[in-house]
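Enquirer: Before I ask anything, let me first share the structure, which is written out below as structure tokens.
Read-outs: derived from the displayed coordinates by stated rules, not from any lab. For clarity, every value in this text was computed on a predicted model and none was experimentally measured. Counting neighbours? That spans all protein chains shown, and the Cβs are built from the backbone with ideal geometry, glycine included.
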Amino acid sequence: MGLPRIMVVDDADELGRVAADLVTDAIASTPAASVVPATGRTPMKLYAHLAARREAGLFDTTPVTAVQLDEYLGLANSDRRTLFGWMDRSFLQPLCIADERVIRLPLDGDLDEACDAYDRDRETRGPIDLAILGLGENGHLGFNEPPSGSEAPTRTVELSPMTIAANAGYWGTEADVPTRAVTMGMRHLLAARTVVLLVTGERKRSIAHRALEGPIGPEIPASFLREATGEVTVVVDRAAWGDR
Ligand code: F6R
């Protein structure tokens, strides 16, 4: 454990390249890594770089296991808005990760029970090797909305108005954004061996500083990364960090 390493880069393009170096190194040192790939807009350039490197034969993702971070509730599998679909298009297919190497979140049946079972299974598998995360404007990680403690389990959540407003940008309007979701719990993200948190754009400036420099607590779930057990690197662009 140590304080997060903060890498300030010029812009979103450089962020994609720098993050691709970090992820390539992490997978080179643990070829059969379990990887949590966030969806959202921030990591898309990173995933494009990884796909190009794989295509060029620079990097092998065959033994990697992808572990789903979060998903909306109440959508059909074929719905254009599922986060699984987004992960599939941006990460699984471009990196040729086979179906049997994907661990999905529970979406059916008694979800409280299913999430407990998921967490028990997660404990037996051991820590995630690499979590690639984005930062919500309210400080969420995955859909661990504030307040979320550091031990928060995998569970169903109500999305906050701020998250619904932000996600409206993905799908159209706020009415297009489901209000409930399931998220991998904070406890698993904070136990990851390596965390790469990606932050871009001026809209994230206030929350980036609060998460990395303000009080640590459930009101800003990402602030707990400063107490995480693994190696945490934050790659942030100048628009999100400022010039200092
Ligand atoms: C998405 C996710 C969210 C996003 C965050 C930032 O799977 O878990 O926590 O990472 O909301 O989203 P963007 O990157 O679109 O700003």
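Enquirer: Identify, please: which residue in the range 46-97 is touching a strand residue (DSSP E or B) at 6+ places or on another chain (Cβ under 6 Å) and assigned to a loop (DSSP other than H, G, I, E, B) and is, among those, surrounded by the most Cβ atoms within 10 Å (Cβ to Cβ)?
Expert: Of everything passing the filter in the range 46-97, L69 is surrounded by the most Cβ atoms within 10 Å (Cβ to Cβ).
Enquirer: Could you list all residues from the range 107-142 that are closer than 23 Å to N77 by Cα and crowded, with 24+ Cβ neighbours inside 10 Å?
Expert: G142, the sole residue that qualifies.
Enquirer: For P147, state whether it is surrounded by fewer than 17 Cβ atoms within 10 Å (Cβ to Cβ), under 20 Å from L69 (Cα atoms) and away from the ligand (no atom under 12 Å from the Cβ).
Expert: yes
Enquirer: Just to be sure I understand, how many residues within the range 86-138 are closer than 30 Å to G57 by Cβ and of a type in the set (A, V, I, L, M, F, W, C)?
Expert: Number of matching residues: 15.
Enquirer: Right, something else. Would it be correct to say that R122 is more than 13 Å from the ligand (Cβ to nearest atom) and in contact with a helix residue (DSSP H, G or I) (Cβ under 6 Å, 6 or more places away or on another chain)?
Expert: Working: more than 13 Å from the ligand (Cβ to nearest atom): yes; in contact with a helix residue (DSSP H, G or I) (Cβ under 6 Å, 6 or more places away or on another chain): yes.
Here the answer is yes, as R122 does meet what is asked.
Enquirer: Next question, about the same structure. Can you tell me which residue among A222, A240, A208 is part of a helix (DSSP H, G or I), within 13 Å of the ligand (Cβ to nearest atom) and in contact with a Phe, Trp or Tyr (Cβ under 7 Å, 6 or more places away or on another chain)?
Expert: Numbers: A222 fails: in contact with a Phe, Trp or Tyr (Cβ under 7 Å, 6 or more places away or on another chain); A240 fails: in contact with a Phe, Trp or Tyr (Cβ under 7 Å, 6 or more places away or on another chain).
The unique qualifying residue is A208.
Conditions (1) closer than 30 Å to T124 by Cβ; (2) free of Cβ contacts under 8 Å to residues at least 12 places away in the same chain; (3) not basic (K, R), marked per residue:
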site	(1), (2), (3)
P146	yes, no, yes
S150	yes, no, yes
T156	yes, no, yes
P161	no, yes, yes
I164	no, no, yes
Y170	no, no, yes
E174	no, yes, yes
T179	no, no, yes
T183	yes, no, yes
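Enquirer: Only one of (1) farther than 20 Å from S223 by Cα; (2) touching a residue at least 40 places away in the same chain (Cβ under 8 Å); (3) within 9 Å of the ligand (Cβ to nearest atom) is not met by G201, so which one is it?
Expert: (1)
Enquirer: Please find, within the range 28-45, the residue that is nearest to E71 (Cα to Cα) out of those that are surrounded by 19 or more Cβ atoms within 10 Å (Cβ to Cβ) and either in contact with a Pro (Cβ under 9 Å, 6 or more places away or on another chain) or of a type in the set (D, E) (or both).
Expert: Among those that are surrounded by 19 or more Cβ atoms within 10 Å (Cβ to Cβ) and either in contact with a Pro (Cβ under 9 Å, 6 or more places away or on another chain) or of a type in the set (D, E) (or both), it is P37.
Enquirer: Here's something else I'd like to know. Given (1) more than 16 Å from the ligand (Cβ to nearest atom); (2) surrounded by fewer than 17 Cβ atoms within 10 Å (Cβ to Cβ), where does R104 come up short, assuming only one miss?
Expert: (1) is the only condition that R104 fails.
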